[in-house]
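*Asks:* Have a look at this one before I ask anything.
The values are calculated or read from the model by the stated rules, or taken from the named source; none is laboratory data. Keep in mind the model is a prediction, meaning the values are calculated, not measured. Quick reminder, even Gly has a Cβ in these numbers, built from the backbone with ideal geometry, and neighbours come from all protein chains shown. Accessible surface is based on the protein model in full, side chains and every heavy atom, while ligands, DNA and RNA are left aside. Shrake-Rupley method; radii C 1.70, N 1.55, O 1.52, S 1.80 Å.
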Amino acid sequence: HPDPWEGFVTFLVRAEELQSEDRGLKEIVLGGTRGAERAVAARALIGPLVTQILQRAKDAGVVREDIELTDLPLIQLAIGTIAETARDVAPDVWRRMMTVVLDGLRAQCARSKLVAPALGQEQLDAVMQCYGASRRRS
């Protein structure tokens, strides 16, 4: 998308749409152990593209400067959990929550400093593995 903000929004919303439509994809993207090697390879391919989308939005001044690449999978995890949990009651409520989150990511809306640092890649990987483990126990 030619507009950096719209490109960023389109990526996040479309990624969530795909994951909410396909539970298997969600499990793979967000740390499931089935097909772990393929998931790691897929994330390695998409990572640089997501980095470009985020950096372009930050360079344009439309996304908070303190947002890091590792924040995005956590956002997907949170919104995806809402989508999955509300699927039978209010299947589109995740879109409402995505709007709230997107407003919080806008540079012009940033009013507070983030109180904790972004996760490092190893920490993010550990969180995602915990998510996958908790899903297997359910």
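*Asks:* Compute the length gained on full extension between Thr99 and Thr85: take 0.36 nm times their separation in residues and subtract their Cα-Cα distance, giving the result in nm to one decimal. Present the calculation step by step, with values, prior to reporting the outcome.
*Replies:* On the way: separation 14, 0.36 × 14 = 5.04 nm, distance 1.78 nm.
Net length gain for the segment: 3.3 nm.
*Asks:* Per-residue HN-Hα couplings for segment 77-88, Karplus 6.51 cos²θ - 1.76 cosθ + 1.60 at θ = phi - 60°, whole Hz, x for Gly and Pro?
*Replies:* Result, ordered by residue: 4, 5, 5, x, 5, 4, 4, 5, 5, 9, 3, 8 Hz.
*Asks:* Using a 1.4 Å probe on the protein heavy atoms only, what accessible surface does Arg87 show? Give it in Å² to the nearest 10.
*Replies:* My reading of the accessible area for Arg87 is about 70 Å².
*Asks:* Give a residue-ordered list of calculated ³J(HN,Hα) values for segment 41-53 (Karplus: 6.51 cos²θ - 1.76 cosθ + 1.60, θ = phi - 60°; whole Hz; x for Gly, Pro).
*Replies:* So the J values, rounded to whole Hz, are 5, 5, 5, 5, 6, 7, x, x, 5, 5, 4, 5, 4.
*Asks:* Keeping every protein chain present and rolling a 1.4 Å probe, give me the accessible area per residue for segment 39-138 in Å².
*Replies:* Per residue, segment 39-138 has an accessible area of 64 Å².
*Asks:* Next question. Over segment 55-134, what is the relative contact order in percent, taking alpha-carbon pairs closer than 8 angstrom and at least six residues apart?
*Replies:* So the answer I get is 39 percent.
*Asks:* Given H placed 1.01 Å from N in the peptide plane, which residues other than close sequence neighbours of Val63 have an amide H under 5 Å from its amide H?
*Replies:* Long-range HN contacts for Val63: Lys58, Ala107.
*Asks:* Using label points projected 7 Å from each Cα along Cα→Cβ, tell me how many nm separate Cys109 and Leu18, to one decimal.
*Replies:* Result: 2.4 nm between the two label points.
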